[in-house]
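The structure appears below as structure tokens.
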Amino acid sequence: MEVAKKLCIFGIGGFGREVLNCFLESIGNNAGTRETEVVFMVSDSHFMEKEIMGVAVVPQSGFVPELYNVVIAVSDPIARKEIAESLPKSTTYGKVIHPSAQISKWVNIGEGSIVTAACIVTVNVKIGKHAQLNLNTSVGHDSIIGDYFTTAPGARINGHSSIGHCVYVGSNAALREGINVCNEAIIGMGAVVVKDIIEKGVYVGNPAVKMVRQG
């Protein structure tokens, strides 16, 4: 008989603790579930506490893939990708989706992804693996979004958007319908994207433009 795996949340920072709360609310927030259903994991260099918020913490060197489904609660897309690549090939990944999220049955969300409270994902949307949709994000119809995608709270992705891998969209940023965004672009807080983004960099303002480093 196969033993049910616990959820392992990689990361104990603020977002990691928010993901714990999201998970507990998704399963009913019963006090007894903390020990039986979920653990935290950190890299060995950050392993200083054995328990946080009533949940055990394990070092990466002590990780046993057969016991856990993992989600990586690290907001930086590149760092999240590096962590995923550092884990054993046999690692399996879960999903954490808050019960208040509105996600239609015509949505495909990849493994390892996290969808927090009050997010809306409409119809015919595909989101890659290890994505993170933070509070009150919305994604419109017929959008295709790559792996390691990240939004901060309040991001707005309008319909027919095509977004590459390792893209970060800041708080209250908005993408016009039909926008294409290349891999590894960073869209700053409150930015309004009205033209395709074809090269990686940091984009800010209304309309959004690429920041140019001085000196």
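The values are calculated or read from the model by the stated rules, or taken from the named source; none is laboratory data. The structure presented is a predicted model; accordingly, all values stated were derived computationally and were not measured. Positions of Cβ are generated from backbone atoms using ideal geometry, with glycine treated the same way; all protein chains shown enter the neighbour counts.
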Tell me the residue from A185, A191 that is closer than 21 Å to L135 by Cβ and free of Cβ contacts under 8 Å to residues at least 60 places away in the same chain, please. A191
Does A84 satisfy being surrounded by 15 or more Cβ atoms within 10 Å (Cβ to Cβ), among the hydrophobic types (A, V, I, L, M, F, W, C), out of contact with any helix residue (DSSP H, G or I) (no Cβ under 9 Å at 6 or more places or on another chain) and part of a helix (DSSP H, G or I)? yes
The number of residues in the stretch 162-185 that are farther than 28 Å from G16 by Cβ and either of a type in the set (G, A, S) or in a strand (DSSP E or B) (or both) is 3
Matching residues in the stretch 95-109 - criterion: being touching a strand residue (DSSP E or B) at 6+ places or on another chain (Cβ under 6 Å) and surrounded by 16 or more Cβ atoms within 10 Å (Cβ to Cβ): V96, I97, A101, I103, V107, I109
So which of S161, S171 is touching a Leu at 6+ places or on another chain (Cβ under 7 Å) and farther than 16 Å from Q102 by Cα? S161
What is the number of the single condition among (1) out of contact with any Phe, Trp or Tyr (no Cβ under 9 Å at 6 or more places or on another chain); (2) at positive phi that N124 does not meet? (1)
Quick check: is even one residue across the stretch 40-49 in a strand (DSSP E or B) and at pLDDT below 95? no
For the stretch 145-159, state whether one or more residues are in contact with an Asp or Glu (Cβ under 7 Å, 6 or more places away or on another chain) and either in contact (Cβ under 8 Å) with a residue 40 or more places away in the chain or of a type outside the set (V, I, T) (or both). yes
